[in-house]
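One structure below.
Since every read-out is calculated from the coordinates, none of them should be taken as a lab result. These figures come from a predicted structure and were not determined experimentally. Glycine also receives a Cβ, built like all others from the backbone with ideal geometry; neighbour counts cover every protein chain displayed.
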Amino acid sequence: MPAIPTAFGSDNTATQPAGLHWTDSGQACSALWRSERAAPPPRKVVVANDTITADAAYRLACEGTALLWQGDFQNARQLLQAMARRVDQPAKRTHRKQTAKVAIAAQTQSTDPSQSAFNLHRQAQAQRARVLGMVLIPFNPDFGIALRRAPDARQACTESWGAADPAAGVSVASLRELLGLISAHEWRKNGVEIPALGVAPNNRIHPHYGVFSPVRGEYIALVATALKSKTVRTAFDIGTGTGVLAAVMARSGVPHTTATDLDPRAMACARDNLQRLGVDEQIHLEQTNLFPQGLADVIVCNPPWLPARPSSPVEHAVYDEGSRMLMGFLKDLGVHLAPGGEGWLILSDLAEHLGLRSRAELLTAIEQAGLHVVGRLDAKPVHSKAQDTSDPLHVARAAEVTSLWRLAAK
């Protein structure tokens, strides 16, 4: 691979090389490092091509050495798949042994085997991401990929990274991240059908990269069902994400909804979806943390369901460290409810089955916030993981129930 020059600033004065550094044929090279996971650039980098074996690549990756690819792109994908098989097989054997030890320990100690299984699962996920993130792909300044049989991923990269900057020079990202960008681009292009939004084709939500996709439809159906039994003039959608719940409320006849989110990506995604669906005049978007000003008849919130620390920005839609968003919503919900209003908290009990949060803790938080439970709607998830017996968390997933808690001020 030709040497990548030192990066230049806007005034063409040399700046320090940004990010990744390596040596190719005795020549020092550098490039801008890109990582949506906020992972640091690998300290050890070797140039690799089609001649490397999967065993050798896996060994290097486990040792912390990254492989900067300059061979055929499709061969790099096959290599990554082969490395994934090597990661997963030892992980399954280790998980079985550790799970057996945890079960034995739980008989004599207060250890929750479900919580331990979750922690082991998270550790395995982190290790998998670290190893498979060691196959790197170079990008031209316009996000083109100068490798044989490489796809044109410029649009996918632009949607996720922003407009290309020729002054930034060549950049490098992991192949695994690139495949994620391409997958997100396809989701964004094709959209997700939402039956609660009406008849196809005008019922699709198009998630952007980094914004949680509404593929689990049971929680959306719960909101649509709850709306049938209550007259709603004004509503708040807290943490709107793609805007799907705000859109469902608009399509159900709610004339005025304020949808909030703190993430700029979510704001852009929601705006795009609401315009596509033709409901943007009924919905006001506001970039803020939790509540907007004013009162509402219904305030709906679908916070991240698991109280654990996210390991990347993308995981903030799944993990809510310390239940911060959940507790923040409950704490201030009462002061934003109009007379006779309800807060609709959408929450899976998966955290309870994993030993991460008890039902008693949730009910205590509701009580301490000056709220009481008016009613609850439940739904069993139908996603594939609930039926996957090979999933390390299968026991918890199989027992999971998603609920819409109807809350009112005392």
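What does the charge count near Gln287 come to, summing +1 for each Lys or Arg and -1 for each Asp or Glu among other residues with Cβ under 10 Å from its Cβ?
Once positives and negatives cancel, what remains is -3.
Here the Karplus relation 6.51 cos²θ - 1.76 cosθ + 1.60, evaluated at θ = phi - 60°, turns the backbone of the range 356-362 into coupling constants of 8, 7, 8, 4, 4, 5, 5 Hz, with x for every Gly and Pro. Taking θ as phi - 60° and the Karplus parameters 6.51, -1.76 and 1.60, the scalar couplings of the range 55-64 work out to 5, 5, 5, 5, 4, 4, 5, 5, 7, x Hz in sequence order, x denoting glycine and proline. Rounded to the nearest 20 debye, the dipole size of the range 179-231 about its Cα centre is 140 debye, using +1 on the Cβ of Lys and Arg and -1 on the Cβ of Asp and Glu.
For the range 173-208 versus the range 358-410, the inter-centroid distance based on Cα atoms is 26 Å. Taking amide H as placed 1.01 Å from N in the peptide plane, the amide H of Val47 sits under 5 Å from that of Leu68, each at least 5 places away or on another chain. Taking 7 Å steps out from each Cα toward its Cβ at Val215 and His372 produces label points 4.2 nm apart. With the simple model of a label 7 Å out from the Cα in the direction of the Cβ, Val401 to Arg359 spans 0.7 nm. Reported to the nearest whole Å, the Cα centre-to-centre distance from the range 264-317 to the range 29-58 is 36.
Beyond 20 Å, what percent of the Cα pairs of the range 20-185 remain?
57 percent
Placing dummy labels 7 Å off each Cα toward the beta-carbon, the span from Arg43 to Thr288 is 4.6 nm.
Taken about its Cα centre, the chain carries a charge dipole of about 1080 debye when Lys and Arg each add +1 at the Cβ and Asp and Glu each add -1 at the Cβ.
Which number comes out as Rg/Rh for the chain once both Rg and the Kirkwood Rh are worked out on C-alpha atoms? Here the Rg-to-Rh quotient is 1.01. For the peptides 156-163, 130-137, 309-316, 216-223, the ranking by mean Cβ contacts within 10 Å, running from highest to lowest, is 130-137, 216-223, 156-163, 309-316. Rounded to the nearest whole Hz, the Karplus-based 3J(HN,Hα) values (6.51 cos²θ - 1.76 cosθ + 1.60, θ = phi - 60°) of the range 340-345 follow the sequence x, x, 10, x, 10, 9, with x at glycine and proline.
Quick one: angle between helix 264-277 and the longest Cα principal axis of the chain, in degrees between 0 and 90, rounded to 10, please. Long axis of 264-277 versus the principal axis of the chain: about 60 degrees.
Of all aspartates and glutamates in the structure, those lying under 18 Å Cα to Cα from Lys228, and not within fewer than 8 positions of it along the same chain, are Glu218, Asp237, Asp297, Glu342, Asp378. Amide H contacts for Ala146 (H built 1.01 Å from N in the peptide plane; partners 5 or more residues away or on another chain; cut-off under 5 Å): Asn140.
Neighbours of Ile145 by Cβ distance under 14 Å: Lys/Arg scored +1, Asp/Glu scored -1, total +1.
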